1. Which residue, of Glu67, Glu23, Glu18, is within 25 Å of Ser91 (Cα to Cα) and more than 13 Å from ligand 2 (Cβ to nearest atom)?
2. Any idea which of Ser59, Ser91 is at pLDDT below 95 and touching a helix residue (DSSP H, G or I) at 6+ places or on another chain (Cβ under 6 Å)?
3. Any idea which of (1) at positive phi; (2) over 14 Å from the mean Cα position of the chain (by Cα); (3) not aliphatic (A, V, I, L, M) is the one Gly39 doesn't satisfy?
4. Just for the range 26-42: of the residues that are more than 18 Å from Gln58 (Cα to Cα) and free of Cβ contacts under 8 Å to residues at least 40 places away in the same chain, which one is farthest from ligand 2 (Cβ to nearest atom)?
5. Among the residues of the range 1-54, which ones are surrounded by 19 or more Cβ atoms within 10 Å (Cβ to Cβ), among the small types (Gly, Ala, Ser) and away from ligand 1 (no atom under 14 Å from the Cβ)?
Amino acid sequence: MLQTIVTRRPEETHALGESWAGEAAPGWIIGLVGHLGAGKTQLVKGIAKGLGITSRVQSPTFTLVHEYSGGRFPLYHLDLYRLEDEAAIRSAGLDQ
Ligand SMILES: Nc1ncnc2c1ncn2[C@@H]1O[C@H](COP(=O)(O)OP(=O)(O)O)[C@@H](O)[C@H]1O
Ligand SMILES: [Mg+2]
């Protein structure tokens, strides 16, 4: 079932991520689609907090992958917007 959730403040988006982390299991993939400043990183910060990760979550704009450990399980934050097609994703080693 498709559900729409509207958040009106950064704290609400953060709290939403935190609640998702409570249900998350290793292997989950969450796709975030939205323009710059849409709140994607804010959501990831909430997910990290909910997993018990204490290190600072940064936007992966200049790095393809950020790995955060120290939580219930590792969190991988990938930025795919510069990878144009499947071949580019494979050659970046992100297909596993
Ligand atoms: N409802 C909201 N949810 C998330 N961020 C919000 C919201 N309202 C305003 N903001 C602000 O918008 C910005 C979102 O930035 P960020 O999470 O880095 O976006 P993105 O990663 O999508 O580029 C932050 O400065 C945040 O404070
Ligand atoms: Mg971001």
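The values are calculated or read from the model by the stated rules, or taken from the named source; none is laboratory data. Treat the numbers as computed from the prediction; the structure is a model and nothing was measured. Backbone-built Cβ (ideal geometry, glycine too); neighbour counts: all protein chains shown.
1. After ruling out the rest, the residue left standing is Glu67.
2. Every option except Ser59 fails the conditions.
3. (2)
4. So, considering only residues that are more than 18 Å from Gln58 (Cα to Cα) and free of Cβ contacts under 8 Å to residues at least 40 places away in the same chain, the one farthest from ligand 2 (Cβ to nearest atom) is Gly27.
5. The answer is Ala21, Gly50.
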